[in-house]
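Novice: Mind having a look at this structure? Questions to follow.
The values are calculated or read from the model by the stated rules, or taken from the named source; none is laboratory data. Bear in mind the structure is a predicted one, so any value in this text is a computation, not a measurement. Ideal geometry is used to build each Cβ from the backbone, glycine not excepted, and the neighbour counts take in all protein chains shown.
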Amino acid sequence: MKDFQLKFMTNKETVRWLKILHAFERTPTRSVKELAQITKSTSRTIIADITGIRQYFRQSILIENTTAGYFFKETIREEYQKEKRALLKNEPLFHIMEGIFQKQIKDIGEWADQLHFSESSLLRYFKMVENELVRYQLTLSSKKVDFIGKEVDIRSFFHDFYYESEITPHTVLPSIAIHEIAFALQRKHFFSSYPNISLGDFSYTLMITLEREGNLVIESEMIQSLKEKEAFQRFSVINDVIEEFAGKRLSVEELLYLYVMILCRRSLTDLDGENQFVRELQPHEAITDSAKQFLVAFGQQSNDRERDLVFVRSFFTMLYLKEQLSPVTNRNIHDVHEVVQRKFFHMYTDFLAFFSEHHQRVTGGKTPVTEITVMAVLFMDSLQEIHWGTPKNIAFLLEGNSLVCQNIQAAAIKYLGRFQHLFFPNALEMNLDYLEQNHIDLVVTNYSEYVSEQLIGRRYLLFHSIPDAEDWNRLLREINPRIIKEFSLRNGQ
């Protein structure tokens, strides 16, 4: 369960249970002390919670006592997920958010009667989520219960609440009509012009647009000017498909909102597409200057500065465009902030200093610097992973059972061949000249005799004759130490 969602939960025991389960899902063995720190509760409370969790989830999970603490395992994953979602069934704020989304606006007294809570309790819960709603420039009215704020910002909240969060019993899911629209557009090759938005993201953005249409006001002259562009005219054919399956047409203003939200899903693999995006929509030359300064500061390892400049300019232009719609569209849920600051602490700190100085020129200055920084860290890490670094030249010198050797070769080609240069020489060819002519960075062998005879002074890895998971992990570590931090292999049972 996302921390963002936990802030809308009123049952303290359920919040603790979900925090405990989330901790177990990340690390299966946890001590009572760790769980107490995570939930900010006592050891006695944790022991009682574990008992309650075992009784509630029954056969779908296993929690064992070990010398290191509790060991957790999902035994029936589908049942476990179903039961976990059911914990939120009676959460009042989730019911109310659903009602607001569907424009079912009720007096607080009506909600109190329907949900079997007192009005004072509901008002206390509204107060509880004030700080989270402020991040979206929203407040909750306390008589006719509704959001007070700009419609664009309300939509940003619901996109995060329903799409970027875990599914709950109250999650509003896109209708069959929405999916029919998406597949009809796919048949018309509509998405060839917008290849960077996922089906889920598109479906939720369209659903929110259709459900919430009517109160949208777009003030930005820059956004309004997009109406005159040929690309927007081509996009507008989406209205014919919407009418066919949803029985309505969107206004030009609603189409413009949908267009910008889809257009701002950018790519790190389509250089031509990003070049075109920058040529047509970069608002001023200051973005180019800032992008150059950014790469001077953080792009020393780039192997193609001109290519990376296009991607950075596109990223900055996307930030600017979304801020023109509303700075809230550049917001990220707390969970994203937490992951970025934990995994990329030094990069985050360095980028924060840069954008504290340059954010005015990049976006216009209304998006909080911390939001720009979080997105920039994720963007730059992706850019580095896709484009930076030189493939290693790896030679596999294999001996033993011919089918085992063939199997090692097949695994290497399938899982490493796209990103590394692989060689499979016979021992007869393997000599100093071969290593130098092919610029071999690393030799992998499963035959210990070759270590002493041929590989003295060279970088090498000695596999078992039949490699195990740790052999492959050591190779992954040689290729990129970060890989092992993200995932590693383990031996099958």
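Novice: Out of all the residues in the stretch 315-336, which are at pLDDT 95 or above and more than 22 Å from residue 218 (Cβ to Cβ)?
Specialist: The answer is 315, and nothing else.
Novice: Could you list all residues from the stretch 43-57 that are more than 15 Å from residue 25 (Cα to Cα) and in contact (Cβ under 8 Å) with a residue 12 or more places away in the chain?
Specialist: 45, 46, 47, 49, 52, 56 - these are the residues of the stretch 43-57 that are more than 15 Å from residue 25 (Cα to Cα) and in contact (Cβ under 8 Å) with a residue 12 or more places away in the chain.
This table checks each residue for (1) modelled with pLDDT of 95 or more; (2) under 30 Å from residue 209 (Cβ atoms).
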position	(1), (2)
67	no, no
94	yes, yes
103	no, yes
115	yes, yes
134	yes, yes
142	no, yes
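Novice: Right, something else. Any chance the stretch 181-200 includes a residue that's β-branched (Val, Ile, Thr), outside the structural domain of residue 242 (by the TED database) and modelled with pLDDT of 95 or more?
Specialist: Checked the stretch 181-200: no residue is β-branched (Val, Ile, Thr), outside the structural domain of residue 242 (by the TED database) and modelled with pLDDT of 95 or more.
Novice: Just one of 136, 125 is in a helix (DSSP H, G or I), hydroxyl-bearing (Ser, Thr, Tyr) and touching a residue at least 12 places away in the same chain (Cβ under 8 Å); which is it?
Specialist: Testing whether each residue is in a helix (DSSP H, G or I), hydroxyl-bearing (Ser, Thr, Tyr) and touching a residue at least 12 places away in the same chain (Cβ under 8 Å) leaves just 125.
Novice: So, in the stretch 354-393, exactly how many residues are of a type in the set (A, V, I, L, M) and closer than 24 Å to residue 285 by Cβ?
Specialist: 7
Novice: I want to confirm something. Restricting to the stretch 179-196 and keeping residues that are assigned to a helix (DSSP H, G or I) and free of Cβ contacts under 8 Å to residues at least 24 places away in the same chain, which single residue is farthest from the chain's Cα centre (by Cα)?
Specialist: My answer is 187.
Novice: Mind counting the residues in the stretch 191-205 that are farther than 30 Å from residue 9 by Cα, in contact with a helix residue (DSSP H, G or I) (Cβ under 7 Å, 6 or more places away or on another chain) and not hydroxyl-bearing (Ser, Thr, Tyr)?
Specialist: Selection size over the stretch 191-205: 2.
Novice: Can I ask one more? Does residue 349 qualify as being of a type in the set (Ser, Thr, Tyr), modelled with pLDDT of 95 or more and under 23 Å from residue 161 (Cα atoms)?
Specialist: no
Novice: Then there is this: Show me the helices (runs of 4 or more DSSP H) entirely contained within the stretch 325-428 in which 3 or more residues are of a type in the set (A, V, I, L, M, F, W, C) and either over 25 Å from the mean Cα position of the chain (by Cα) or exposed (fewer than 14 other Cβ atoms within 10 Å of the Cβ) (or both).
Specialist: Values: elements: 334-343, 345-363, 369-387, 402-416.
By residue number, 402-416.
Novice: Sticking with this structure for a sec: Just a yes or no: is a residue in the stretch 209-224 among the small types (Gly, Ala, Ser) and either free of Cβ contacts under 8 Å to residues at least 60 places away in the same chain or assigned to a helix (DSSP H, G or I) (or both)?
Specialist: Just the residues of the stretch 209-224 that are among the small types (Gly, Ala, Ser), to begin with: 214, 220.
If we keep only those that are either free of Cβ contacts under 8 Å to residues at least 60 places away in the same chain or assigned to a helix (DSSP H, G or I) (or both) too, we end up with 214.
Yes.
Novice: Quick one: which residue in 136, 162, 125 is in contact with a Pro (Cβ under 9 Å, 6 or more places away or on another chain) and within 20 Å of residue 3 (Cα to Cα)?
Specialist: 125
Novice: For residues that are among the small types (Gly, Ala, Ser), modelled with pLDDT of 95 or more and within 30 Å of residue 127 (Cβ to Cβ), tally how many sit in the stretch 1-40.
Specialist: Within the stretch 1-40, residues that are among the small types (Gly, Ala, Ser), modelled with pLDDT of 95 or more and within 30 Å of residue 127 (Cβ to Cβ) number 1.
Novice: Sticking with this one: Scan the stretch 385-399 residue by residue and report those that are touching a helix residue (DSSP H, G or I) at 6+ places or on another chain (Cβ under 9 Å) and among the small types (Gly, Ala, Ser).
Specialist: 395
Novice: Please enumerate the residues belonging to the stretch 245-303 that are free of Cβ contacts under 8 Å to residues at least 12 places away in the same chain, within 22 Å of residue 358 (Cα to Cα), of a type outside the set (D, E, K, R) and part of a helix (DSSP H, G or I).
Specialist: 296
Novice: Would you say residue 302 is among the hydroxyl-bearing types (Ser, Thr, Tyr) and either under 26 Å from residue 197 (Cβ atoms) or under 23 Å from the mean Cα position of the chain (by Cα) (or both)? Steps first, please.
Specialist: Details: among the hydroxyl-bearing types (Ser, Thr, Tyr): yes; either under 26 Å from residue 197 (Cβ atoms) or under 23 Å from the mean Cα position of the chain (by Cα) (or both): no.
No.
Novice: If you check 400, 417, which single one turns out to be at pLDDT below 90, small (Gly, Ala, Ser) and within 15 Å of residue 463 (Cβ to Cβ)?
Specialist: On inspection, the qualifying residue turns out to be 400.
Novice: Of all residues in the stretch 95-148, which are of a type in the set (Val, Ile, Thr), surrounded by 12 or more Cβ atoms within 10 Å (Cβ to Cβ) and under 35 Å from the mean Cα position of the chain (by Cα)?
Specialist: So in the stretch 95-148, the residues of a type in the set (Val, Ile, Thr) come out as 96, 100, 105, 108, 129, 134, 139, 145, 148.
Next, from what is left, pick out any that are surrounded by 12 or more Cβ atoms within 10 Å (Cβ to Cβ): 96, 100, 105, 108, 129, 139, 145.
Residues satisfying the conditions are 96, 100, 105, 129, 139, 145.
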